Structure formats: C-alpha cells, structure tokens
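Peer 1: Attaching a single structure in structure tokens format; questions to follow.
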Amino acid sequence: MRTSLNEIKAIDDFVLKLAPPDEALLFEAKLIINPAMHEQVMWHRQTLGLVKQYGRNKLKAEIEAVHKKLFSQPEHEGFRLKIMRFFGKR
C-alpha cells in the first residue's frame with residue numbers, strides 16, 4: 001500500500017497533536033474503519049521516537065565533545081577554573 005504525502009502529513013499532524021480538533025476527530029474515525037491506517041500511525045509513532053532518540057544521542061555526544069575539549073586542553077584552563085570555583089570545587 002502506497003501512502004500519499006497528504007496522508008503522511010495528516011498522520012504526522014495527528015500524532016504530533018497539530019491537527020485542529022475537527023480534523024483530529026475525523027482522523028480518529030478513519031482509524032476505526034481502516035486498520036491499515038491504524039498500523040501506519042503505529043509505525044509513524046515508532047519512527048518519530050527513533051528520530052527523537054537519535055537526536056538526543058547526537059546532542060549528548062556533541063556536549064560530551066565540548067566538555068572534553070574545555071576541561072582537558074591547556075588553553076581552556078582559565079575557563080575550567082572559573083567553572084570549578086562557581087560550583088565550589090577545586
């Protein structure tokens with residue numbers, strides 16, 4: 001089964017709660033009568049969850065790289081000391 005871009009947009013709006021109330025209600029009715037669409041919504045939710053987790057992991061890695069750079073390289077010693085004093089550590 002092939003999904004049109006309009007259907008993907010409708011699913012996305014529904015899952016992200018961006019659809020106006022009347023459209024959301026109509027979409028819920030379509031889910032009841034169309035099991036295939038219900039499955040598409042499930043996969044869409046799962047995909048969005050994976051994308052969100054990937055973004056979190058990527059951001060965490062970027063923060064860790066900045067932390068490592070700021071707290072290990074000699075040219076950032078002054079910054080490191082200020083931060084350590086700010087949090088009461090030496």
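The values are calculated or read from the model by the stated rules, or taken from the named source; none is laboratory data. Predicted, not measured: the structure shown is a model, and the values here were computed from it. All Cβ positions, glycine included, derive from the backbone under ideal geometry; neighbour counts span all protein chains shown. Keep in mind that these areas ignore ligands, DNA and RNA; they rest on the heavy atoms of the full protein, side chains included. Shrake-Rupley method; radii C 1.70, N 1.55, O 1.52, S 1.80 Å.
Peer 1: Hydropathy at least -1.0 by Kyte-Doolittle, axial extent at least 30 angstrom from the Cα trace: which helices of the chain, defined as entire DSSP H runs, fit?
Peer 2: Working: long enough: 35-72 (55 Å, -0.64).
Answer set is 35-72.
Peer 1: Under a Cβ-Cβ cut-off of 12 Å, what is the net charge of the residues other than A29 that fall near it, where Lys and Arg count +1 and Asp and Glu count -1?
Peer 2: Overall, the nearby charge balance is -2.
Peer 1: Shifting gears a bit: Nearest 20 debye, what's the magnitude of the dipole of the chain about its Cα centre given +1 on Lys and Arg Cβ and -1 on Asp and Glu Cβ?
Peer 2: 900 debye
Peer 1: Cα convex hull of the chain: mean projected area in nm², to one decimal?
Peer 2: For the chain, the mean projected area of the Cα convex hull comes to 9.8 nm².
Peer 1: Of the lysine pairs in the chain, how many meet both conditions: Cα atoms under 25 Å apart, and a spacing of 8 or more in sequence or different chains?
Peer 2: Qualifying lysine pairs in the chain: 17.
Peer 1: For the chain, what is the accessible area per residue in Å², given a 1.4 Å probe and the full set of protein chains?
Peer 2: Value for the chain: 87 Å² per residue.
Peer 1: While we're on this one: What ranking of V15, V51 comes out by heavy-atom accessible area, probe 1.4 Å, highest first? Display every interim value, and only then the final one.
Peer 2: Numbers: V15 25, V51 95 Å².
Accessible-area ranking of V15, V51, largest first: V51, V15.
Peer 1: Sticking with this structure for a sec: At a probe size of 1.4 Å, how large is the accessible area of I11, to the nearest 10 Å²?
Peer 2: 10 Å²
Peer 1: Right, another one. Towards the positive end of the charge dipole of the stretch 10-67, with charges on Cβ (+1 Lys, Arg; -1 Asp, Glu), say which of W43, I63, I11 has the farthest Cα.
Peer 2: I63
Peer 1: May I pose another question? Loop only by DSSP, 13 or fewer other Cβ within 10 Å of the Cβ. Give me the trypsin sites (Lys or Arg not before Pro) in the stretch 1-39 that pass, ordered by residue number.
Peer 2: R2, K17
Peer 1: Follow-up question, since we're still on this one. Using just the helices of the chain, give the 222 nm mean residue ellipticity in deg cm²/dmol: DSSP H runs with n ≥ 4 each add -39,500 (n - 2.57), and the total is spread over all residues, rounded to 500.
Peer 2: Numbers: 4 runs with 72 residues, N = 90.
After summing the helix terms and dividing by the residues of the chain, the value is -27000 deg cm²/dmol.
Peer 1: Sticking with this one: What's the carbon and sulfur percent of the chain's accessible surface, probe 1.4 angstrom, rounded to a whole number?
Peer 2: C and S atoms contribute 63 percent here.
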